[in-house]
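The values are calculated or read from the model by the stated rules, or taken from the named source; none is laboratory data. Here the structure is a predicted model, which is why all the values come from computation and not from measurement. Backbone-built Cβ (ideal geometry, glycine too); neighbour counts: all protein chains shown.
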Amino acid sequence: MKRAYLVCSAVVFCTSWFGTSDCCADQAADEAAIRKNDEAYVAAYNRHDAKAIAAMWSPEAVYMDPDTGEAAVGREAIEKVFAGTLADLKDAKLEIDVKSIKFVSPNVAIETGVARVVRPKTKPEESTYTAVNVKREGKWLLDRISEEEPPTPPPSNYEHLKDLEWMVGSWIDRDERATIQTDCEWTKNKNFMTRSFAMAIGDRINMAGMQIIGWDPAAKQIRSWVFDSDGGFSEGKWKRKGDRWLIQQIGTLPDGGKSSAVNVLKKIDNNSFTWQSVERSVDGDLLPDVGEVLIVRKPAE
């Protein structure tokens, strides 16, 4: 019902514009004309023809220079601005990617897209634009253009952490005594990974905790922090050695004692890896190593 209403509304809206149900065909022809103008504009820009560019604007058009913020009113002023701009960009080429053309009346269309100025050996200058096209005496002309630089992507340490992406998901380590489930996911912007874990004996959670893995830009190293439900916490420094990750772990126990270990992770495939702990100590006393334990991805429910 909603879809039928939208279709009906569109037909009524078009008919009110053109007085005929053939409005869709008229709009398609107008959109094609605007896109053809875009191609002509790019061609004029790339041959540095300021006069041809200015002729594509309406007589009362206003062009806002994105670099200076100054307004050029009318074709003569617009031609002067582009002549100066193109003189400084002799090797520049323009590319545009039209995203949408929407008609607000039979003689006004709003166009949005992305513009790129490409020069040899330099990074392309990219901006988003909104153009107001007006129809005068059967011809479409530019009336306004506003440009904005695309938003800067938020900083991310993904490049430094992407080799650990295989850990994302749910994992199970189970024997006859206990089951440990670990759930790993990215934080926003992929600056950190979080791993929550819970050890259950029977149907009772015996211990739980959280690990945070991130990139230390000062030390140029992956680091991690673990906090458990008993009140203990530790810090790890990660180092890759062949097909293994070595995590040098130094911790504080709930009673204030100190612990250390080297934990070793080895990826087997996308659904399994091994974990072991060596060089273990508590308050300076050595403890036995923990041999390799196979950990598998939790089957999808």
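Restricting the first member to the range 114-126 and to residues that are among the charged types (D, E, K, R), and the second to residues that are assigned to a loop (DSSP other than H, G, I, E, B) and surrounded by fewer than 14 Cβ atoms within 10 Å (Cβ to Cβ), the beta-carbon pairs closer than 6 Å and six or more apart or on different chains are Arg116/Pro124; Arg119/Asp91; Glu126/Pro150.
Pairing each residue of the range 76-104 that is assigned by TED's automatic domain parsing to the domain that holds Trp57 and surrounded by 15 or more Cβ atoms within 10 Å (Cβ to Cβ) with any residue that is among the hydroxyl-bearing types (Ser, Thr, Tyr) and not in a strand (DSSP E or B), provided the two are 6+ apart or on different chains, yields C-beta distances under 6 Å for Leu94/Tyr45.
What do you reckon, is Gly232 modelled with pLDDT under 95 and farther than 22 Å from Arg174 by Cα? In short, no. If the condition is being over 14 Å from Asn133 (Cα atoms), outside any loop (DSSP other than H, G, I, E, B) and not β-branched (Val, Ile, Thr), then the range 30-53 contributes Glu39, Ala40, Ala43, Ala44, Tyr45, Asn46, Ala50, Lys51, Ala52. For the range 272-285, taking the residues that are within 24 Å of Ser170 (Cβ to Cβ) and surrounded by 14 or more Cβ atoms within 10 Å (Cβ to Cβ), the one that is nearest to the chain's Cα centre (by Cα) is identified as Phe273. On inspection, Ser229 does not qualify as over 21 Å from Ile180 (Cα atoms) and among the hydroxyl-bearing types (Ser, Thr, Tyr). The residues of the range 246-270 that are surrounded by 14 or more Cβ atoms within 10 Å (Cβ to Cβ) and either over 15 Å from Val226 (Cα atoms) or out of contact with any strand residue (DSSP E or B) (no Cβ under 7 Å at 6 or more places or on another chain) (or both), listed by number, are Leu246, Val264, Leu265, Lys266, Lys267. Criterion first (outside any helix (DSSP H, G or I) and either in the same structural domain as Val134 (by TED's automatic domain parsing) or polar (S, T, N, Q) (or both)) does Ala109 satisfy it? Considered against the rule, which asks whether it is outside any helix (DSSP H, G or I) and either in the same structural domain as Val134 (by TED's automatic domain parsing) or polar (S, T, N, Q) (or both), Ala109 comes out as yes.
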